[in-house]
1. How many of the residues making up region 275-295 are in contact with a helix residue (DSSP H, G or I) (Cβ under 9 Å, 6 or more places away or on another chain) and part of a loop (DSSP other than H, G, I, E, B)?
2. When the residues of region 296-325 are filtered to those that are surrounded by fewer than 13 Cβ atoms within 10 Å (Cβ to Cβ) and part of a helix (DSSP H, G or I), which remaining residue is modelled with the lowest pLDDT?
3. How many residues does region 57-95 hold that are within 26 Å of LEU218 (Cα to Cα) and without any contact (Cβ under 8 Å) to a residue 24 or more places away in the chain?
4. Name the residue, out of GLY26, GLY40, GLY70, that is within 30 Å of LEU117 (Cβ to Cβ), at pLDDT below 90 and not β-branched (Val, Ile, Thr).
Amino acid sequence: MKKNISRNPLWPDWYNGKKIDEVQFGRAFLEQWPLKCVNGTLYTLDGPVEDESEIKQRILENIEEYVTSGLSKKVTNILETIKLLAFSDPFPIEQDCIHLQNGVYHLPDGSFQESRLFCQNRLPVRYDPKAASPDRWLTFLHELLDDADIPTLQEYLGYCLIPSTKGQKMMLIVGKGGEGKSRIGLVLKRLMGDAASNGSVQKVENNRFARADLERRLLMIDDDMDKTNREIRAYFAYALKFLEGRQRPDTFLSAVVHMDEKTPHLHLCFVPLTADGRLSAKEIIGNRKNLVKWQDEFWQHMVKQYPELERGESASQTGREHIPPRIFKEMTQLIKQKEQLDALLVGINPFNSKSRAAEISKVLDSYIPNVARMKDQLRKYNVAFTKTAAENEKLKEKNKTLSASLDKATEGSVLKRLEDAKLRQDYEAALKTLDSIPPEVIRFYENRTQEPAMRHDK
């Protein structure tokens, strides 16, 4: 007979000596750190969680001494469990109150509630009924505006504090440079924090997908409008001089300034003719190394006229040691497709494969190109993975002498390495899913994708 292992009184309630009860852990976690999950986005009392790595780190701190393998997967699974337990309907749109750092200000009666509530937007300022008069701010307004315009501006700023577009108004501040217009925008950004968004009116107007950036925002500030058209033309005219020094101007077909994105940019089309009249893009533009040289020389040209212009580090200098967040987001989408594909492959056999082939092929239409694209992405950032592997080896040596608990900084570093390693693991899992597809389903997919071409040949 097997003897029951007595439970260690030092173990948390969610651990039985063998495994972690994810549901029980999630409930205990939410008691300590209250969260709400609305449409897949986590909210703290401070507002929406833009980066979930901090929550993952807290989970890691609690479970690492009870997990011997699959730590990264366990952290991810627990996070998903927490999201399910924290499920909430969308927060109501509250036009009668303002959520602040130290409570809620109720507009109808001017009362203040010191307890904080979950909300879509919380302003990063504290309410202080005894605050002194903003004399410096009022003096600035009197210097910038006519006295009759000051109440209008103040009213508009107050209007921006609530999630309402009832007024159907947009504020434009027009004037010469150096007068202080941009300072109003800076004050609004400090006042509203994440509730304000930098954007472009033209981009929102022309690109319907750009409106997604305005979700949960109280205000959009168009920074592009800080520059006058004259300033923009002068900037690109000076930029064009650089290009004219490296390519004959008579080969230019067009030079068009685009204003459809946050940052204005120039599209130049030219015929790559060499000095002796040959058509050769390779000689004029060159390889990747030469393009980096072009970028360096362009910055050296522009910084003479615009000394505030910064030059970012090239990938050749950084060695691509940092994997950008967008790669992780793309992998998240790929994982969702993988899970969908795995669900379709469960229980598949020669008898039902034909009926499922059409549905599986539909998923493969986007899954296969996404896997191929991820392969290219991971090849670009191979340095990061190599570095991660080397650091992990060092960590093994350190762990021989380290105590069971690590300090917070080390834990964060461990989590980052785990996330990088998980990215590679997820990709390999995506490949394994492709390998598990029965041959008859693959044949169905290949035949289906070739049908249009076959009909065209006939």
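1. 2
2. THR318
3. 1
4. Of the residues listed, the single one that is within 30 Å of LEU117 (Cβ to Cβ), at pLDDT below 90 and not β-branched (Val, Ile, Thr) is GLY40.
The values are calculated or read from the model by the stated rules, or taken from the named source; none is laboratory data. These figures come from a predicted structure and were not determined experimentally. A quick note on method: Cβ atoms are made from the backbone with ideal geometry, for glycine too, and the neighbour counts reach across all protein chains shown.
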